[in-house]
Every structure is written in C-alpha cells, then in structure tokens.
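See below for the structure under consideration.
All of the numbers you see were taken from the coordinates with simple rules; none came from a lab. Please read these numbers as outputs of a predicted model, since none were measured by experiment. With ideal geometry, Cβ positions are generated from the backbone for all residues, glycine too; neighbour counts draw on all protein chains shown.
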Amino acid sequence: MAKKSKEKRTTERTHEQPRRYASRRRREQELQRRIYLGLGIVLGLVILLIAVGAINEYVIKPNKPVATVNGEKISQEAFKSRLRFEQDNLVAQINQYLQFGEQFSNGGPNPFLSTIQPLYEQLKNPEQLADTTIDKMAEELLVHQLAAKNGINITPEAVQAEIERQFGYDREAEKASAETSDTMTNTAPAMTEEDFNQRYKEYTQGLVTKGSLSEAEFRDIFATSLMREKLAETVDLNYVTTEEAIKARYIVIKPEPEVPLVKREADALKKITDARARIVDGGEDFAAVAKEVSEDPGSGANGGDLGCFGKGRMVPEFEEAAFSLAKDEVSQPIKTDFGYHLIQVYDTKPEEEQVCARHILARVDRSPDQEAIDKADADALKTLEALKARIEAGEDFATIAKENSTDTATAEKGGDLGWLFKGEKGEAFDNVAFALKAGELSDPVKLADGYALILVEEKDAEHPVGEDELKTRRQKAFNDWLSAQVDAADIEKSLTADMIPPLPADLLGIIRSLAPQLQPEQPPTQ
C-alpha cells in the first residue's frame with residue numbers, strides 16, 4: 001500500500017509539471033503576442049506617418065495653389081515658369097539700359113543707373129519679384145474671367161496677328177517688299193514669314209529650355225492683352241472727353257543778362273598763374289597748394305587727386321594736356337569751360353593707356369550778377385510794352401510775333417499756340433490766359449521762358465480733348481475700373497517661402513557679372 005501511495009504521488013507530480021509549464025508557455029506566448037502587436041502598431045504608425053509626410057511633400061504641397069481668384073487656382077508650376085519669365089525680362093531691361101548708357105554717358109557714369117538699380121534689386125531678390133508676379137497673374141486670371149462674363153472671345157488668329165506684330169513681322173509689308181524687290185531701293189527688306197517663324201521657334205524653345213513659359217502660356221499673355229483692350233471697349237467707363245480751352249498766340253522776349261566774363265576770366269587766370277609760380281618757382285608741394293586754392297569740390301580736399309583715367313573721360317583740352325605731360329611735370333594754365341587748370345601727372349600706365357594726375361581748378365563764374373539780371377528783365381518788359389502799344393494801335397499781332405518773339409518754335413507761326421488746355425503752358429500762363437476774354441490782349445507776364453504778351457483768340461468751355469489725351473484718359477479710367485474689380489474679387493494668396501525656387505545658376509552668373517557695372521562711378525572731375 002505504501003508503495004502504491006508513493007507511486008501515485010510521483011505520478012501526480014509528473015502530471016502537474018507539464019500543466020505548470022504549459023501555463024507558463026501560454027503566458028509567455030500571450031506576452032510575445034502583445035509585444036508583436038505593439039511593435040506592429042508602432043511600425044504601422046511610423047509607416048503611416050512616413051506615408052502621410054510623403055503624400056504631403058510629393059502630392060499635397062506641389063498641388064497646393066499659390067493663389068486662387070474667385071475659386072480658380074493658380075498652380076505652383078504655372079507660377080514658377082512665370083517667375084522665370086519675369087526674371088528674364090528684368091535681365092533684358094537691364095541690358096537695354098546699359099546699352100543706352102554706353103550711347104549717352106560720353107565716357108562718364110551711366111545716366112540710367114537710377115533706373116537700372118531697382119530692376120537689379122528685384123532680380124537679386126526672388127521673394128520680392130514673386131509677390132509682384134503673383135499679383136500680375138491674379139489680375140490676368142481675373143481679366144480672363146471678366147472677358148468670359150462680358151462675352152469676349154479672342155480667336156487664335158487674333159493672337160497670332162498680335163504676336164507677329166510684336167515680333168516686327170508685317171504680312172502686308174512683306175508682300176510690298178516682294179513686289180518691289182526688282183527695283184532699286186535703299187530700304188531694308190521686310191521680315192519674311194520664314195524669318196518670323198524661325199525667330200518665334202527659337203524664342204519659344206528658349207523659354208522652355210530655361211524652365212520659363214510653355215508656348216501655350218506665352219501665347220496666353222498676348223491673348224490676355226487683347227482681352228484687356230476688348231474689355232476697355234466694352235465696359236462702361238467714366239472719364240471726361242471735353243475741357244475748357246483757349247486758342248491763343250503769344251510773343252516771348254527772353255531776357256539776356258550780360259556777364260562780365262573778361263574780368264572774371266582774368267581773375268581766374270591770375271589765380272592759377274600764381275599757384276603755378278608757387279609750385280614751379282617756389283618749390284611748394286602741388287597737393288598742398290591744391291588743398292589751399294583749388295575750387296574743385298570733388299578733388300580739392302584730396303590735393304587735387306583725380307586718380308587714373310583713360311582717354312574719353314575728361315574734356316578734350318584737359319585730356320590733351322594731361323596725356324602730353326611727362327611724369328611730375330606741371331602744365332601751363334589750361335582753359336576749359338570750367339575755368340583754368342594746372343595739371344600734374346604723377347604716374348603713367350602705358351599698357352592701360354592711362355595717366356594718373358592731380359589738378360588745381362580756378363573756376364570762371366559764368367552766371368550773371370543780380371544787377372545784370374534786373375537790367376535784362378527791365379529791358380524785356382520795356383520791349384514788350386512797346387510791342388503791346390503797337391498792337392493796340394492796330395498792327396497785326398502775328399506779324400509782330402514773327403519779327404520779335406524769341407520763341408523759335410512759334411515765332412514763324414506768328415506766335416500761334418493753337419488750342420490749349422490748362423496745365424500745358426504752366427500755372428503762370430494759365431492764371432493770365434484763361435482769365436482773358438476772347439480777343440483780349442494781356443499785359444506783359446513773366447513765364448518760365450521769359451516775358452510774354454498773350455492774345456486769346458477764342459474760348460471754348462467744352463472743347464474736345466485731342467485723340468492722344470483721350471486715349472490716355474480712357475486707359476486711366478479702365479485701369480481704375482480694373483483695380484476696383486481686383487479689390488472686389490475673392491483673391492486669396494497662399495504663397496509660402498518654400499514655393500519660391502532659388503535663383504538658377506545662369507541667373508546667379510548674370511547677377512555677378514552685372515554687379516561691377518552697376519556700381520555708381522565717381523563723375524570725372526573737370
């Protein structure tokens with residue numbers, strides 16, 4: 001019995017252990033399942049976040065519009081290509097003004113620098129240009145909407161004709177040129193259709209290559225311009241087409257004060273001669289004397305130093321003397337329109353065709369003194385009083401104007417000014433002329449270009465304005481109307497910094513090349 005009981009307890013323990021192990025395994029398996037489930041959830045969340053980020057980065061953000069106009073979207077792709085187009089236009093404008101500067105600077109600083117600088121700043125700052133580009137695109141989209149609302153349709157043929165006109169291609173001129181090709185003419189042949197097609201193809205392909213407008217987008221700019229014109233003809237615009245006007249003649253006597261130049265030149269020559277004697281005979285330092293006596297505000301304080309310069313920078317008399325001097329030689333007094341100069345060359349750069357010089361300037365005052373001005377004014381008034389007496393005695397105004405008026409533009413026409421509106425001849429003229437009755441002659445009146453007698457021949461309270469002025473007023477009225485439409489439209493701009501592309505390498509190169517040319521040069525001191 002005892003043996004059986006022992007065996008029974010052993011058997012029970014043997015059965016109890018597998019049950020304990022099984023329970024433990026089940027707990028371990030449940031724990032593993034939960035761990036795997038948790039890891040799976042975490043991994044799933046990570047994948048979901050990555051997917052959401054990817055969708056946002058590569059699907060949602062690229063498709064987010066930069067602006068909407070009455071619910072219609074402007075895409076990022078369209079904005080980026082238009083921005084590049086505007087950047088290239090800025091480059092073209094800058095280059096054009098630089099070329100103008102070469103023609104008109106006469107060796108000095110570019111006179112168009114103040115115009116070029118704002119264009120250059122826009123080119124350097126895509127963020128600034130981006131904002132104006134969005135405004136332009138939004139207005140153009142609104143023009144499309146307004147054109148559709150007013151039943152305006154621009155045909156492809158009209159767009160083509162406008163593009164040809166802008167490119168300088170005239171079909172009629174080409175036909176006429178072909179008809180006269182066998183005759184001897186000095187006129188240049190007109191652009192042919194083949195020439196136009198080649199230029200147009202090269203231009204539009206160039207746009208696409210640079211990431212600018214597609215051909216369709218390029219053509220749409222012309223379509224939008226034509227829509228503007230049609231809208232201006234279609235919508236009701238409020239502008240005045242008539243204005244008070246007078247038909248007038250005038251006689252001008254310009255005062256000519258005498259200037260005592262002989263004495264002034266003698267004084268300047270003595271001053272410069274004395275300065276030369278101090279340097280050449282007395283051994284004084286040129287720069288020290290220049291600081292003391294030179295009347296050139298640009299270089300005097302620097303001992304007369306002009307730096308180094310090449311030919312074409314100074315007036316001819318100054319240049320000829322400077323390039324003829326040996327190093328450290330002091331010139332004889334040199335006369336220019338500015339006065340009298342002494343020049344000393346302190347260095348030469350033959351390889352660069354430059355000389356480095358300093359100078360002393362004794363100016364000749366060419367302005368009249370007050371006594372001379374007062375006398376000239378009195379003489380002009382006396383002359384006009386005598387002329388007025390002759391006219392009032394019955395002599396013909398036009399004849400007297402031809403013989404006496406110093407205004408060359410109207411003298412040959414008997415002083416005829418035609419019909420005038422207020423503002424055309426200045427406030428002083430208007431205050432007198434528009435107060436006169438038809439047929440009335442004024443007393444002498446002081447104007448910007450001298451003293452004048454004014455004769456009003458006719459007056460019209462509602463005189464039609466000229467065609468050019470009418471176009472200007474109509475365009476202004478349309479611009480005001482369109483601005484009001486823009487203000488009333490539902491325009492939402494959603495442009496963010498990450499939507500603005502950085503400057504491409506070719507534009508960065510252009511900006512760097514332009515920088516030295518846009519530094520304002522010091523005007524040559526004469």
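Ranking of ASP377, ASP274 by neighbouring Cβ atoms within 10 Å, starting from the fewest: ASP274, ASP377.
When the Cα positions of GLY394, SER324, GLN160 are compared along the charge dipole of the chain, GLN160 comes out farthest toward the positive end, with charges on each C-beta of Lys, Arg, Asp and Glu.
For THR209, THR68, the sequence from fewest to most other C-beta atoms within 10 Å is THR209, THR68. When both segment 359-424 and segment 73-119 are represented by their alpha-carbon centers, they are found 44 Å apart.
Lys/Arg Cβ at +1, Asp/Glu Cβ at -1, dipole of segment 261-363 taken about the Cα centre: which of ILE334, LEU261, GLY282 is farthest positive-ward? Of ILE334, LEU261, GLY282, it is LEU261. Pairs spanning more than 19 Å between alpha-carbon atoms, out of LYS80/LYS210; LYS247/LYS413; LYS230/LYS471; LYS402/LYS437; LYS291/LYS311: LYS402/LYS437; LYS291/LYS311.
For segment 261-363, the residue among GLY298, VAL345, THR273 whose Cα projects farthest onto the positive side of the dipole built from Cβ charges is THR273. Given points 7 Å out from each Cα along the Cα-Cβ axis, report the GLN29 to ALA497 separation in nanometres with one decimal. Going by the 7 Å Cα→Cβ label model, 5.8 nm.
With the largest listed first and rounded to whole Å, the semi-axes of the equivalent ellipsoid of the chain from the Cα gyration tensor are 78, 44, 26.
Using Cβ point charges alone (K and R +1, D and E -1), the dipole size of segment 261-363 about the Cα centre works out to roughly 360 debye.
Note on THR68/GLU412: beta-carbon distance plugged into 1/(1 + (r/R0)^6) with R0 of 41 Å gives a FRET efficiency of 0.10.
Using only the alpha carbon atoms of segment 400-526, find the Kirkwood hydrodynamic radius as the inverse mean reciprocal pair distance, in angstroms to one decimal.
Across segment 400-526, the inverse of the average 1/r is 21.2 Å.
Working note: 222 nm ellipticity from helices only, DSSP H runs with n ≥ 4, each -39,500 (n - 2.57), summed and divided by the residues of the chain, gives -18000 deg cm²/dmol to the nearest 500. Applying 0.36 nm per residue to the separation of VAL259 and GLU77 and subtracting their alpha-carbon distance, the gain on full extension is 58.7 nm. Is the shape of segment 153-303 rounded, prolate or oblate, going by the alpha carbon gyration tensor and its root eigenvalues a ≥ b ≥ c, with a/c under 1.5 for rounded and a/b larger than b/c for prolate? Prolate, because a/c is 1.5 or more and a/b exceeds b/c.
Sorted into 10 angstrom bins from 0, the C-alpha pair distances of segment 261-363 split as 16, 52, 28, 3, 0 percent. Taking a straight Cα-Cα cut-off under 15 Å and skipping sequence neighbours fewer than 8 places away in the same chain, the aspartates and glutamates within cross-link reach of LYS375 are GLU256, GLU258. Using C-alpha pairs below 8 Å separated by at least 6 residues, the relative contact order for segment 88-146 is 27 percent. The calculated FRET efficiency for the pair GLN475 and LYS124, based on their C-beta separation and a Förster distance of 25 Å, comes to about 0.20. Each label was represented as a point 7 Å from its Cα along the Cα-to-Cβ direction; for SER513 and ALA277 these points are 5.8 nm apart. Computed over segment 308-455, the quotient of the alpha carbon radius of gyration and 2.2 N^0.38 Å is 1.76. The residues GLU292, GLU243, when put in order of fewest to most other Cβ atoms within 10 Å, stand as GLU292, GLU243. For segment 463-512, the square roots of the Cα gyration tensor eigenvalues, ordered a ≥ b ≥ c, give a/c of at least 1.5 with a/b no greater than b/c, which places it in the oblate category.
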